[in-house]
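Rule-based calculations on the coordinates, nothing more; no lab input. Small disclaimer: the values here were computed from a predicted structure and weren't measured. Quick reminder, even Gly has a Cβ in these numbers, built from the backbone with ideal geometry, and neighbours come from all protein chains shown.
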Amino acid sequence: MKRDAVTDAEPKPRIVFQPDNAEQGGRNAPSSEEIRKRAFEIHIERGGIHGRDLDDWLQTERELQERYKNNEKGAKKS
């Protein structure tokens, strides 16, 4: 029996975090591309087990937001 490719597709994670100044193109927050890449790294680190894409995405947002926040604090001290 042939499987339908549409039903086998993984759902794409929704973007929860949007930078406050997205319109101005500011870099004080992670881009969707950065989040996507890191979320995939986490997925691979967990052994590539499917079904936790949203957890990976949200974990990535938290990690990168903290990193950007710390970088911003360091920049202000300079």
> For segment 36-73, which GluC sites (Glu not before Pro) are in a loop by DSSP, counting at most 15 other Cβ atoms within 10 Å?
Replying inline: none
> What size of dipole, in debye to the nearest 20, comes out for segment 35-78 about its Cα centre when the only charges are +1 on Lys and Arg C-beta atoms and -1 on Asp and Glu C-beta atoms?
Replying inline: 340
